[in-house]
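Scroll down for the structure; my scribbles are underneath it.
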């Protein structure tokens, strides 16, 4: 690996896409649910319909794009950096779709449901195309654990900078209260993100691209066909460690989506505004997205010494103990609740940030087992997404259904005057979801993750 002036250039090139995508993804996931529920006044039925369509598309497009990128002979698909370069502008445009209403929405307007469905599907389609190529680049820049830790290190710095978009967006727009400011900020983010990802598109070269021409690589791998899709997918799914990882990762995506979509809603309802003013809340929300990267950077030596398997397992145990502690403390401990909401989000996103390490090891194991000339990195990442991405739709659907059962829909209505007693039941439901969702998910993950067997890559020199 080439290192000039202390800069690990492949890691820098790789991490620039993380910076650009992070700025957009954090804002998108954090604000879109509240925007469509509270401002566009989408109905629960339309919200769920959009999420179902999104869930299907979200699951299908990852393995589809993964197979195309691994087997296409067209350079802008087959070369990882070119996929990022040409996909970046469209990714940024897709990010802007939700923030500009198509008309002056009224309560129950069917067009708001159509807007949500198209925004989710288009954004995820472009996100998948660009970030699958980046994920494949992670596995293909180097097979050495030390080099991959360098990628993780640079990636977390970039992710830390990218996650600050939540903090600045909250401060500029007063947590979306000043909507015109919010819209202007998202346009600025889209422009900056495109520039960052284009840097990866120019300089992010994998070791396989350095060693051989794209034409030689894809001639040896065969042509596009459904039979080869099924064959490769079957080979991936027969790996025990892949099934374990995907099962655990499904719950992680569910938990991360739950935190990102509802942290603001729960905090706004459970913690009085005079206890936690808007400025402090903006810092709290920003910390929920920024501190995970700091935690991963601090844990860099642990990843080197004990490996990602134990680090991930420790995070699950901490989530269990923290959830039980919060249940015991109760909902009236507002400062403790604010710390718990932030800490839980930090732990979930921090452990999720190192998931590229196990899946890269799975790519290596697949390549060794089937004696491939080059890894099918995009297909492995895409097949993982096939089973985990539906959690991104299930989480908001289930939580919104529960909230509306306890009166949240009436609480945000411009027409109805809600009964004050609704607050008690709704707040109780919110508090128990805040504690029990992390508790149940972490217990399930501990059980699933225990038999995972690739545990020594941190001490094995490849």
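Values quoted throughout were computed directly from the atomic coordinates according to the rules given, and no laboratory measurement underlies them. Keep in mind it's a predicted model, so treat the numbers as computed, not measured. In this analysis, Cβ positions are derived from the backbone assuming ideal geometry, glycine residues included, and neighbour counts consider all displayed protein chains.
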Spherically averaged projected area in nm², based on the convex hull that wraps the Cα atoms of the range 3-459: 21.1
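Only counting other Cβ atoms within 10 Å, I'd like 112, 83 sorted with the fewest neighbours first.
With the fewest neighbours first, 112, 83 line up as 112, 83.
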Sorted by Cβ density within 10 Å, fewest first, the residues 233, 383, 238, 128: 238, 233, 383, 128
Percentage relative contact order, the chain, counting C-alpha pairs under 8 Å, at least six apart: 28
Two-site FRET efficiency, residue 318 against residue 103, from Cβ-Cβ distance with R₀ of 45 Å, rounded to 0.05: 0.45
Nearest 10 degrees, 0 to 90: helix 356-369 Cα axis against the chain principal axis: 30
Label point distance in nm, residue 180-residue 436, each placed 7 Å from Cα along Cα→Cβ: 4.5
Centre separation in Å (Cα based) which lies between the range 6-37 and the range 307-340: 26
C-alpha long axis of helix 334-353 to longest principal axis of the chain, angle in °: 20
Part-to-part distance (alpha-carbon centres) for the range 136-180 and the range 48-70, which is given in Å: 23
Residue order, fewest to most beta carbons within 10 Å, for 147, 378, 193: 147, 193, 378
Degrees between helix 377-388 axis and first principal axis of the chain (Cα, 0 to 90, nearest 10): 30
Two-site FRET efficiency, residue 372 against residue 401, from Cβ-Cβ distance with R₀ of 45 Å, rounded to 0.05: 0.55
Rough spin-label spacing in nm, given labels placed 7 Å along Cα→Cβ, for residue 274 and residue 427: 1.3
Long-range tail of P(r) for the range 277-334 (Cα pairs > 18 Å, %): 57
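Do the sum for the chain: with -39,500 (n - 2.57) for every DSSP H run of n ≥ 4, divided by all residues, what is the mean residue ellipticity at 222 nm, to the nearest 500 deg cm²/dmol? Present the calculation step by step, with values, prior to reporting the outcome.
Values: 20 runs with 362 residues, N = 462.
Helices in the chain give a 222 nm mean residue ellipticity of -26500 deg cm²/dmol.
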